[in-house]
1. Is it the case, given these coordinates, that ASP174 is open to solvent by 60 Å² or more (accessible area, probe 1.4 Å) and over 18 Å from LEU44 (Cβ atoms)?
2. Inside region 104-131, can you point out the residues that are exposed (fewer than 15 other Cβ atoms within 10 Å of the Cβ) and either modelled with pLDDT under 95 or polar (S, T, N, Q) (or both)?
3. Filter region 11-27 down to residues that are of a type outside the set (Gly, Ala, Ser) and open to solvent by 30 Å² or more (accessible area, probe 1.4 Å), then give me how many there are.
4. Would you confirm whether or not region 156-176 contains a residue that is hydroxyl-bearing (Ser, Thr, Tyr), assigned to a loop (DSSP other than H, G, I, E, B) and within 20 Å of ALA70 (Cβ to Cβ)?
5. Contact list please: Cβ distance under 6 Å, first residue in region 77-103 and under 16 Å from SER57 (Cβ atoms), second residue surrounded by fewer than 17 Cβ atoms within 10 Å (Cβ to Cβ) and among the charged types (D, E, K, R), pairs at least six apart or on different chains.
6. So how many residues does region 31-83 have that are farther than 19 Å from ALA169 by Cα, open to solvent by 20 Å² or more (accessible area, probe 1.4 Å) and among the polar types (S, T, N, Q)?
7. Are any residues in region 84-95 surrounded by fewer than 16 Cβ atoms within 10 Å (Cβ to Cβ) and of a type outside the set (D, E, K, R), and if so, which ones?
Amino acid sequence: MATDPTRRLVLLRHAKSAWADGADHDRPLGKRGRGDAPGAGRWLGQSGYVPDLVVCSTARRTRDTWQLAAAELGASPPVRFEPRVYGASTAELLDLVRETSPDVGTLLVVGHEPTMSGLTLLLAGDAATGGAPALLERVRLKFPTAAIAVLPFAGGWSDLGPGGAELAAFVVPDDYSA
């Protein structure tokens, strides 16, 4: 069990994919994505956001993003490849997050837009949470590929709801690869 009462939800959008023939679910990462994903893992590790559990979409681009990020993380957290992340609405993804075991202090979800920005804004977009307005505005403008949002909150996973978290960090590849 985590000793700190604050939990952290970390949302990582998959890195830039290549547009290839075939099903959307099977799109691989593009050159830029293969370059950005390791930087996301380094940033997570260096910033102290090593997850206790990773829930990753089953889409190829998310699995590849996690594999490249994990290689640079400096840890080997358990990973659950979850088909419900692919195509999930904001409400569906929140429901999935609420299923997280109380033993997990930091949960990383590797997923897709528009759900990553939608969940970030749902959880931290309320001014009453004391969230950082400049960071929230960046999320509203764009949640680009390989961007990371860090949302700490107090309480249990099952209690997480609208306005229940703060946006402690929002970084994009230009922020962590400089």
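The values are calculated or read from the model by the stated rules, or taken from the named source; none is laboratory data. Since the structure is predicted, the reported quantities are computational estimates derived from the model, not experimental observations. Please note: Cβ atoms are built from the backbone with ideal geometry, for glycine as well, and neighbour counts cover all protein chains shown. Note: areas computed on protein heavy atoms with side chains; ligands, DNA, RNA excluded. Shrake-Rupley method; radii C 1.70, N 1.55, O 1.52, S 1.80 Å.
1. Spelling it out, it is not the case that ASP174 is open to solvent by 60 Å² or more (accessible area, probe 1.4 Å) and over 18 Å from LEU44 (Cβ atoms).
2. ALA127, ALA128, GLY130
3. Summing the residues that are of a type outside the set (Gly, Ala, Ser) and open to solvent by 30 Å² or more (accessible area, probe 1.4 Å) in region 11-27 gives 7.
4. No, there is no match, as no residue in region 156-176 is hydroxyl-bearing (Ser, Thr, Tyr), assigned to a loop (DSSP other than H, G, I, E, B) and within 20 Å of ALA70 (Cβ to Cβ).
5. Within 6 Å, the pairs are LEU96/ARG84.
6. Residues in region 31-83 being farther than 19 Å from ALA169 by Cα, open to solvent by 20 Å² or more (accessible area, probe 1.4 Å) and among the polar types (S, T, N, Q): 3 in total.
7. Within region 84-95, GLY87, SER89, ALA91 meet the criteria.
Conditions tested, residue by residue: (1) more than 12 Å from the chain's Cα centre (by Cα); (2) within 26 Å of ALA18 (Cβ to Cβ).
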residue	(1), (2)
GLY118	no, yes
LEU122	yes, no
THR145	no, yes
ALA154	yes, no
GLY164	yes, no
ALA169	no, no
